[in-house]
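Engineer: Below is the structure I would like to discuss, written out as structure tokens.
The values are calculated or read from the model by the stated rules, or taken from the named source; none is laboratory data. Note that this is a predicted model, so its numbers are computed, not measured. Note that we place each Cβ from the backbone using ideal geometry, even for glycine, and neighbour counts take in every protein chain shown. Just so you know, the surface numbers come from the protein's heavy atoms only, side chains and all, with ligands and any DNA or RNA stripped out. Shrake-Rupley method; radii C 1.70, N 1.55, O 1.52, S 1.80 Å.
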Amino acid sequence: FIADGATLQTGIGGIPSTIVRQLATGDGGDYGVHSEMFTTGLMHLHRAGKVTNRHKGQFAGTSITTFAAGTLELYEWLDGNEDVGFLPVDVVNAPEMIAANRNMVSINGALAIDLLGQVVADTIGARQFSGIGGHEDFVSASGLQLEDRALVCMPSTATVDGAPISRIVPTLAEGASVTTPRHQLDLVITEYGVAHLRGHTVRERAKALAEIAHPDFRDDLRTRSR
């Protein structure tokens, strides 16, 4: 889903960082960056010569962000670095501004998703775990330009009290807060495949999500998706 010349946004978490590191050592390149958060992984992408910002259609030659979060090495690399520009969040996260980039690809994680496609990315049950950040802003922007893609990536399971649980669930846990609503989702990705949700019916979306769940939970989810 990430073609040469794509404009990238990466959210917080291990999976977005891992994807960017893979891009840094892969064959593709000529990427642009328009991301609320600038990470250590994006620094490695720059250092690998993969970022040119030539094809974004705005802010040519410059990676755009609002804040940085990463290692001390990242902060030292950013100090005085004119390849990266910091702009206010109401500019960087405006859906119309995000969609103005060419071939925008957002890469974000999730903690859980129900069969309707509601994404939980900042709470575990009723407990606040992280922040909302730009999750909804960047996922929703893909609906403004059909060539843009929003990737929500997560492992199919988590471990709780030593036992695996499915991150794709029939219904969300009591007290969980929806970070991104169902109608904004495009692609959901686990280690078992990709669920294409944009433009599909509620039942089709539920069936697609069940098919990328862990095999131990898949039959139950299939039954509940009928």
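Engineer: Roll a 1.4 Å probe over the protein chains and send me the accessible area per residue for the stretch 1-124 in Å². Don't skip to the answer; put the middle values down first.
Structural biologist: Values: 5160 Å² over 124 residues.
About 42 Å² of surface per residue is accessible.
Engineer: Would you mind computing the Rg to Rh ratio of the stretch 1-108 from its alpha-carbon coordinates, Kirkwood style for Rh?
Structural biologist: Ratio of gyration radius to Kirkwood radius for the stretch 1-108: 0.91.
Engineer: Continuing with the same structure: At 1.4 Å probe size, with the rest of the protein present, what percent of the exposed accessible area of the stretch 1-156 is carbon and sulfur atoms? All intermediate terms of the calculation are to be shown ahead of the outcome.
Structural biologist: Working: 3570 of 6640 Å².
Solvent-exposed carbon and sulfur of the stretch 1-156 make up 54 percent of the total.
Engineer: What whole number of Å gives the distance from the Cα centroid of the stretch 152-218 to the Cα centroid of the stretch 75-124?
Structural biologist: 20
Engineer: What would the Debye equation give as log₁₀ I(q)/I(0) for the stretch 94-226 at q = 0.11, 0.13, 0.22 Å⁻¹, counting only Cα atoms as equal point scatterers?
Structural biologist: Log10 I(q)/I(0), no solvent term: -0.36, -0.51, -1.34.
Engineer: Let me ask something additional. Can you give me the relative contact order of the stretch 81-137 as a percent, contacts being Cα pairs under 8 Å and 6 or more apart?
Structural biologist: Across the stretch 81-137, relative contact order equals 23 percent.
Engineer: Please give me the summed charge of the neighbours of Pro181: other residues whose Cβ is under 15 Å from its Cβ, Lys and Arg +1, Asp and Glu -1. Mind dumping the intermediate values first?
Structural biologist: Numbers: positive: Arg182, Arg198, Arg205; negative: Asp114, Asp122, Glu136, Asp137, Asp186.
Net charge in that neighbourhood comes out at -2.
Engineer: Work out, in µm²/s and without decimals, the Stokes-Einstein translational diffusion coefficient of the chain at 10 °C, 1.306 mPa s, Rh from Kirkwood over C-alpha pairs.
Structural biologist: Numbers: Rh = 17.9 Å.
Using the Kirkwood radius from Cα pairs, D works out to 89 µm²/s.
Engineer: On to the next question. Sequence gap at least 6, Cα distance under 8 Å: using those rules, report the relative contact order of the stretch 124-215 to the nearest whole percent. If you can, show how the numbers build up before the last one.
Structural biologist: Values: 121 pairs, mean separation 27.9, N = 92.
With pairs under 8 Å counted, the relative contact order is 30 percent.
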